[in-house]
Amino acid sequence: MKKLPGIDREFLLSLLQKLLAIPSPTGYTEEIVDYLEGRLAEFPFINYHRTTKGALVANWTGDLKTSLRGLTAHLDTLGAMVKEIKSNGRLKLSQLGGYAWNTIEGEGCTVFASSGEPVRGSILLNKASGHVHAKEVSTTERTAESMEVRLDIVTSSADETRGAGIEVGDFVVFDTRTESNQGFIRSRHLDDKACVACVLAAIQALVGAELQPAQDTVFHFSNYEEVGHGAATGFPEGLKELVAVDMAAVGEGQNSDEFHATLCVKDSGGPYHHRLNQRLRSLADEYEIPHKVDIYPYYGSDGEAFWRAGGDVAVALIGPGVDASHNYERTHIDALIATTKWIMAYLLN
Ligand SMILES: [Zn+2]
């Protein structure tokens with residue numbers, strides 16, 4: 001078996017916790033990009049810049065320049081914007097990214113008021129009380145119309161809510177409820193912060209072992225993935241390969257699980273690049289990386305975003321198994337370590 005440098009689990013997990021604690025719904029990612037930029041600055045061999053669109057792009061010089069490579073992982077998450085301030089002072093939401101309304105029911109949230117302080121609240125069915133609405137609490141379909149934000153301020157009118165600085169278009173961030181037990185990490189938005197942490201842990205492990213990539217490599221941290229066009233731009237001319245690092249879909253009928261990294265060979269956008277897939281499978285075998293191969297039925301990646309934008313490159317997708325994705329997500333450290341190893345194996349070969 002070929003050997004890889006050791007991974008600093010503490011670095012990986014503490015970085016993940018930190019990323020999860022920074023709100024970053026699509027369109028509101030400056031703070032997390034600032035933070036990640038600071039972390040990249042710890043690696044002296046890596047140059048980075050921000051695209052006009054707001055993504056963070058880093059370059060690491062490799063042994064060869066014959067096949068420029070890219071890795072992409074996304075910093076943006078699901079979230080919402082204020083769609084309407086209702087006459088009762090509560091808020092209707094417009095979704096950022098794709099998720100079922102029931103997955104955020106009962107969740108605490110923060111409204112980043114366009115003027116004034118952030119306001120806390122909770123996301124509820126507008127017929128929430130069992131003592132008032134009886135059966136309708138369970139039978140009402142959860143939609144943009146039937147869900148609302150109850151704000152933790154004294155308001156019973158649109159004017160009072162506006163008085164707190166809240167306006168249509170303000171970002172709404174869901175509580176992540178991050179918790180770790182027995183090697184499991186559960187949180188909203190492991191998609192895709194878990195993979196961003198894996199990419200940095202891989203870089204850190206290689207730097208620590210005084211290794212560098214086999215080829216010049218671009219690390220692209222995207223900020224518009226959840227709406228489908230994150231990695232459409234931001235890569236230099238001459239890119240030959242792009243590995244998207246994003247969560248694997250776990251659930252009934254899926255091959256993926258929370259203890260392995262998965263190579264996705266096909267999703268809603270069709271099959272990925274066969275030759276690159278085969279190389280990643282060989283690397284996983286050579287380094288004995290716990291891995292699965294899977295197909296995701298309802299899924300698109302930033303690799304495909306680049307393809308759709310005209311990128312003429314080989315694209316593959318790997319990532320850790322995440323249970324209940326786009327819901328209250330959970331993974332296990334084993335899947336994160338496997339993903340980090342796979343990234344390192346790819347970089348080194
Ligand atoms: Zn994702």
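The values are calculated or read from the model by the stated rules, or taken from the named source; none is laboratory data. Note that this is a predicted model, so its numbers are computed, not measured. Please note: Cβ atoms are built from the backbone with ideal geometry, for glycine as well, and neighbour counts cover all protein chains shown. SASA here: full protein model, heavy atoms, side chains in, ligands and nucleic acids out. Shrake-Rupley method; radii C 1.70, N 1.55, O 1.52, S 1.80 Å.
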Cut-off 11 Å between beta-carbons: net charge of the residues surrounding LYS2, Lys and Arg +1, Asp and Glu -1:
-1
Tell me the label-point distance for the pair SER138, ASN102, using the 7 Å Cα-to-Cβ offset, in nm and rounded to one decimal.
1.2
To test your reading of the geometry: what angle, between 0 and 90 degrees and rounded to tens, separates the Cα axis of helix 9-21 from the longest principal axis of the chain?
30
With +1 on each Lys and Arg Cβ and -1 on each Asp and Glu Cβ, and nothing else charged, work out how big the dipole of segment 238-295 is about its Cα centre, in Debye to the nearest 20.
360
Give me the one-decimal nm value for the distance between modelled label points at ASP285 and GLU37, 7 Å along each residue's Cα-to-Cβ direction.
4.4
The convex hull of the Cα atoms of segment 106-202, divided by residue count, gives a volume in Å³ per residue of 164
Three principal axis lengths of segment 124-177 [C-alpha, angstrom, descending]:
36, 26, 22
Ratio Rg/Rh, restricted to the chain and using Cα atoms, in which Rh is the Kirkwood radius
1.00
Over all pairs of different Cα atoms in segment 13-121, the reciprocal of the mean inverse distance gives a Kirkwood radius in Å of 16.9
Relative to the longest principal Cα axis of the chain, at what angle does helix 274-286 sit, 0 to 90 degrees, rounded to 10?
80
Take segment 230-349, drop everything but the C-alpha atoms, weight them equally and run the Debye formula without solvent; then report log10 I(q)/I(0) at 0.21 Å⁻¹ to two decimals.
-1.19
Mind grabbing the accessible area of VAL265 for me, 1.4 Å probe, Å², rounded to tens?
40
Assuming R0 = 25 Å, what is the FRET efficiency of THR52 and SER180, from their Cβ-Cβ distance, to the nearest 0.05?
0.10
Cα-centred dipole magnitude for segment 33-137, charges only on beta-carbon of K, R (+1) and D, E (-1), debye, nearest 20
340
Can you give me the accessible area per residue for the chain, using a 1.4 Å probe, in Å²?
42
Arrange the residues MET81, MET147 by how much accessible surface each exposes, largest first, with a 1.4 angstrom probe.
MET81, MET147
Of TYR272, PHE259, LEU125, farthest towards positive along the dipole that unit charges on Lys, Arg, Asp, Glu beta carbons give the chain:
TYR272
Between 0 and 90 degrees, rounded to the nearest ten: what's the tilt of helix 333-348 against the longest Cα principal axis of the chain?
40
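About the Cα centre, and with charges only on the beta carbon of Lys, Arg (+1) and Asp, Glu (-1), how big is the dipole of the chain? Nearest 20 debye, please.
The dipole magnitude comes to about 300 debye.
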Probe 1.4 Å - accessible area at HIS229, Å² to nearest ten
80
